[in-house]
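Visitor: My questions will all concern the structure given below.
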Amino acid sequence: MSTSTPSGTPIGIDFGGSGIKAAAVDLDTGDFAGERTRIDTPQPSTPDAVAKVLVDLLDAVDADGPVGVTVPGVVRGGVVGSAANIDQSWIGADASAVFGTATGRRVVALNDADAAGLAEAAFGAARGQRGLVVMTTLGTGIGSALLYDGALVPNAELGHLEIDGRNAESHAANSAREREDLDWAEWADRLTVYYTTVERLLSPDLFVVGGGVSKHADKFLPLIKIDTPIIPALLRNKAGIIGAALHASRA
Ligand code: BGC
C-alpha cells in the first residue's frame with residue numbers, strides 16, 4: 001500500500017451502536033493523522049456485517065499500520081463476552097480474528113470505554129494523573145475504564161451496577177436522559193446516585209466523564225454532588241479512535 005502517512009501509522013476504529021468511525025492516528029500528537037471516515041452501523045450488527053464495513057473503512061483510510069477496533073462489550077483476548085447494545089451473536093465471537101481475517105490486516109479489539117480511558121490517560125484529561133482514575137462514557141450505555149497510575153485494568157463493567165434494583169445504565173445513561181426527556185438537574189440527580197455508588201465502592205482519586213454529551217459538561221457536571229473531583233474528558237468523540245490506535249500500536 002502506498003500512503004501519505006508515515007509507514008506504520010496506526011488506525012483506530014470505533015464500533016458504536018449507530019456509526020462505525022475510522023481514522024489514522026498520529027501518536028506523537030495524540031490526534032487524527034487524516035480525515036475521519038464514518039459508515040452507519042449495519043442492522044443487525046452481526047460480526048460478518050461489521051467486518052464488511054471495516055473492509056470499506058480501511059480502503060478509505062490512508063495508513064498501513066496496525067488496526068485497533070473498539071467493541072461496546074467485554075473483550076478478553078479478542079473474544080467478546082457481552083453485548084448489551086449490539087447484536088447478541090457477538091457473544092463468544094473472536095473479534096480480533098473475525099476482523100483480521102476479513103481485512104487481511106493485524107487487528108486488535110478492545111472495549112470502547114477502555115480505549116477512551118487509554119486515550120484520556122495518554123493525551124487528555126487524565127494525563128499524568130496518579131492513583132485511581134475512573135473514566136466513564138455516558139452514551140447509549142455507560143462505559144467505564146479503570147486506570148491506576150495510567151495503567152488500564154480492562155473490562156470494568158460499572159455501567160451494569162445494580163442500584164435501587166435497576167441496571168444503572170438503563171436509568172442514568174445519556175440515552176435515559178433523552179428517552180425520558182429529563183432536564184439537566186433531573187439527570188444530574190440520577191448521576192449523583194450513580195457516582196456516589198462507584199465512589200463508595202472504589203474510592204477513586206478522579207472521575208473523568210466522556211461520551212458525546214460531555215460537550216455539555218458545564219450544564220450537568222457542577223450539579224453532581226460527590227466528594228471526588230469529576231472533570232470532563234478532553235478528547236470527546238475522538239477518544240475511542242485514538243485509544244484503539246494506541247492499543248494496537250502497543251499490542
Ligand atoms: C457495555 C460496555 C460498554 C458500554 C458503552 C455497556 O452496555 O456493557 O461494555 O463499554 O455499554 O458502550
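Visitor: List pairs: first residue in segment 82-99 and farther than 18 Å from HIS160 by Cβ, second residue part of a helix (DSSP H, G or I) anywhere in the structure, Cβ distance under 7 angstrom, at least six positions apart or on different chains.
Guide: Taking only residues 6 or more apart or on different chains, the pairs are SER89/PRO47; ALA93/PRO47; VAL98/PRO47; VAL98/ALA51; PHE99/ALA51; PHE99/LEU54.
Visitor: Another question about this same structure. Being within 16 Å of the ligand (Cβ to nearest atom), in a helix (DSSP H, G or I) and over 12 Å from GLY150 (Cβ atoms) narrows it down to one residue among ALA116, ALA83; which is it? Reasoning before the result, please.
Guide: Values: ALA83 fails: in a helix (DSSP H, G or I).
One residue alone meets the criteria, ALA116.
Visitor: Could you run through segment 156-191 and say how many residues are β-branched (Val, Ile, Thr) and either open to solvent by 60 Å² or more (accessible area, probe 1.4 Å) or touching a Leu at 6+ places or on another chain (Cβ under 8 Å) (or both)? Talk me through it step by step, then tell me what you get.
Guide: First pass over segment 156-191, keeping only residues β-branched (Val, Ile, Thr): 163.
Now drop any that are not either open to solvent by 60 Å² or more (accessible area, probe 1.4 Å) or touching a Leu at 6+ places or on another chain (Cβ under 8 Å) (or both), which leaves none.
Result for segment 156-191: 0.
Visitor: Let me confirm something: among ASP14, ASP28, ASP62, which residue is not in a loop (DSSP other than H, G, I, E, B) and not aliphatic (A, V, I, L, M)? Don't jump to the end; show me each part of the working.
Guide: On the way: ASP28 fails: not in a loop (DSSP other than H, G, I, E, B); ASP62 fails: not in a loop (DSSP other than H, G, I, E, B).
Answer to the check: ASP14.
Visitor: Pull up segment 1-16, narrow it to residues that are open to solvent by less than 80 Å² (accessible area, probe 1.4 Å) and over 16 Å from LEU54 (Cβ atoms), then point me to the one that is farthest from the chain's Cα centre (by Cα).
Guide: Of all residues in segment 1-16, those open to solvent by less than 80 Å² (accessible area, probe 1.4 Å) come to 3, 5, 8-16.
Checking which are over 16 Å from LEU54 (Cβ atoms) leaves us with 3, 5, 8-9.
Values: THR3: 27, THR5: 25, GLY8: 23, THR9: 21 Å.
Per the stated criteria, the residue is THR3.
The values are calculated or read from the model by the stated rules, or taken from the named source; none is laboratory data. Not measured: the values here are computed from a predicted model. Cβ atoms come from the backbone with ideal geometry, glycine included; neighbour counts cover every protein chain shown. Ligands, DNA and RNA are stripped out before the accessible areas are found, and what is left, the full protein with its side chains, is counted by its heavy atoms. Shrake-Rupley method; radii C 1.70, N 1.55, O 1.52, S 1.80 Å.
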